[in-house]
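J.: After the structure tokens below, expect a handful of questions from me.
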Amino acid sequence: MKNLSQCLPLFLSFFKIGAFTFGGGYAMIPLIERETVESHHWVTEEDILDVLAIAESTPGPISINAATFIGHKVAGFWGAACATFGTALPSFLIIAVLSLFIMQYKQIQWLAWMFDGIRAGVVVLVINAVLKLGKKCPKNAFTISIMLLAFVCAALIGLDVILILVLAGAAGIIRQMVLAAKLDGGEQK
């Protein structure tokens with residue numbers, strides 16, 4: 001049994017992340033990093049990049065995938081279950097309560113203004129996550145080229161994000177295979 005004493009802290013941490021983050025998975029990234037790296041030391045800053053790469057490239061919401069991965073790393077199956085449940089439960093509860101009232105009160109002007117403000121705040125959270133992750137991402141001609149191409153394909157061309165991830169992953173594999181072949185060829189001479 002892998003560190004089951006961490007199940008309650010995992011649940012509570014991811015419940016807090018799920019409860020106080022508006023705007024989806026990308027807006028949760030700074031909180032996930034703060035809770036898992038800085039507060040609890042469950043993963044390292046380098047691990048977060050790997051977690052996010054895995055969470056983004058697997059089906060499902062990035063926040064749920066990240067919680068599942070980190071929970072599993074910390075406390076195995078039960079850790080994954082607790083972290084995942086902790087992330088999803090606040091959204092479920094909030095949506096259940098809002099669904100009772102939102103349609104009835106959607107004409108209230110201050111409520112519309114509140115959601116406009118929340119949307120603006122979410123943009124800032126996403127930009128913050130991009131900047132923090134960008135600092136940790138390896139910077140070389142290859143990675144910068146992949147980032148620029150991915151941005152152009154997503155933002156300007158409208159290429160499906162899943163296809164972009166698959167192509168970027170394939171480019172990384174091909175690059176490493178070419179580099180390995182060059183190393184092997186140089187050693188054989």
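The values are calculated or read from the model by the stated rules, or taken from the named source; none is laboratory data. Bear in mind the structure is a predicted one, so any value in this text is a computation, not a measurement. Reconstructed Cβ throughout: ideal geometry from the backbone, glycine too, with neighbour counts over all protein chains shown. The area values use the complete protein model at the heavy-atom level, side chains included, leaving out ligands, DNA and RNA. Shrake-Rupley method; radii C 1.70, N 1.55, O 1.52, S 1.80 Å.
J.: Please report the carbon-and-sulfur percent of the accessible area for the chain; probe 1.4 Å, protein heavy atoms only, DNA, RNA and ligands left out. It would help to have the intermediate numbers written out before the result.
T.: Numbers: 8920 of 12210 Å².
Of all accessible area on the chain, carbon and sulfur atoms account for 73 percent.
J.: Sticking with this one: So, counting K/R as plus one and D/E as minus one, what does the shell of residues with Cβ under 13 Å around Ser13 add up to? Kindly include the intermediate steps, with their values, before the conclusion.
T.: Details: positive: Lys16, Arg34; negative: Glu33, Glu35, Glu38.
Here the count lands on -1.
J.: Could you tell me the convex hull volume per residue, in Å³, taken over the Cα atoms of the chain? Working shown, then result.
T.: Details: hull volume 29.8 nm³, N = 189.
Convex hull volume per residue, Cα atoms: 158 Å³.
J.: Same structure again: Send over a whole-number figure in Å² for the accessible area per residue of the chain, probe 1.4 Å.
T.: Numbers: 12210 Å² over 189 residues.
Result: 65 Å² per residue.
J.: While we're here: Taking the Cβ of Ile48 as the centre, find all other residues whose Cβ is under 15 Å away and add up their charges (Lys, Arg: +1; Asp, Glu: -1).
T.: On the way: positive: Arg34, Lys73, Lys132, Lys135, Lys136; negative: Glu33, Glu35, Glu38, Glu45, Glu46, Asp47, Asp50, Glu56.
Cβ neighbours under 15 Å give a net charge of -3.
J.: Before rounding to the nearest 500, sum -39500 (n - 2.57) across all DSSP H runs of length at least 4 in the chain and divide by the residue total; then give [θ] at 222 nm in deg cm²/dmol. Don't skip to the answer; put the middle values down first.
T.: Working: 7 runs with 146 residues, N = 189.
Computed ellipticity for the chain at 222 nm equals -27000 deg cm²/dmol.
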